[in-house]
Amino acid sequence: MKSFGSLAAFAAHLVKLEVDVARAAHRGLESAAIAVEKTAKNQFGHYPRAIGDFEQWPPLKEATKADRVRQGYSPDEPLLRSGALRDSITHEVRGLDAVIGSEHEVMVHQELGTSTIPPRPVLGPAALRNRRKIQRMLGHAAASAIAGTTQLPKYDFET
């Protein structure tokens, strides 16, 4: 057990601990955001299984497959053509806030669907697929800061 020579030393330790926990949480959040981004990108071109309230994507229509072939793409890789939509997914972490998403307007249509296309969400399912890992990452980050270490374990992402 750590002992302190004075109340001032204990207060200084608590201030340092607060800063260390915030830094560690930021690092854990960065790792979590990277995992969700990678998982989201890996869903392009496949039919991911259902998870939570997110259903499995419906198969592409025959007309869509024919159009894909006409344009020089493989017939049955949902959401994947040039890779631009997939590559538009990024993440940003500021302090204790993380944002994973895309500024590509087509992504909104794919996530939510339209009157002519069914929804094919990638962001929500990617977060759910990594839920336990995110909990572990953030828990390890907080514990490492409290213990006075700075090393976080490496994590693989879910697909």
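The values are calculated or read from the model by the stated rules, or taken from the named source; none is laboratory data. These figures come from a predicted structure and were not determined experimentally. Because the Cβ atoms are built from the backbone with ideal geometry, glycine has one as well, and the counts that use them run over all protein chains shown.
Output the qualifying pairs, or none if there are none: Cβ atoms under 8 angstrom, residues six or more apart or on different chains, first residue in the range 132-159 and surrounded by 12 or more Cβ atoms within 10 Å (Cβ to Cβ), second residue modelled with pLDDT under 75 and of a type in the set (A, V, I, L, M, F, W, C). Pairs that qualify, where the first residue is surrounded by 12 or more Cβ atoms within 10 Å (Cβ to Cβ) and the partner is modelled with pLDDT under 75 and of a type in the set (A, V, I, L, M, F, W, C), are K133/F157; M137/L152; H140/L152; A141/L152; S144/L152. If the condition is being farther than 15 Å from L123 by Cα and touching a His at 6+ places or on another chain (Cβ under 7 Å), then the range 76-106 contributes V93, G95, L96. Remark: pairs (first residue in the range 91-117, in contact (Cβ under 8 Å) with a residue 24 or more places away in the chain and β-branched (V, I, T); second residue in a loop (DSSP other than H, G, I, E, B) and surrounded by 12 or more Cβ atoms within 10 Å (Cβ to Cβ); Cβ separation under 8 Å; 6+ apart in sequence or on different chains) = I100/I89.
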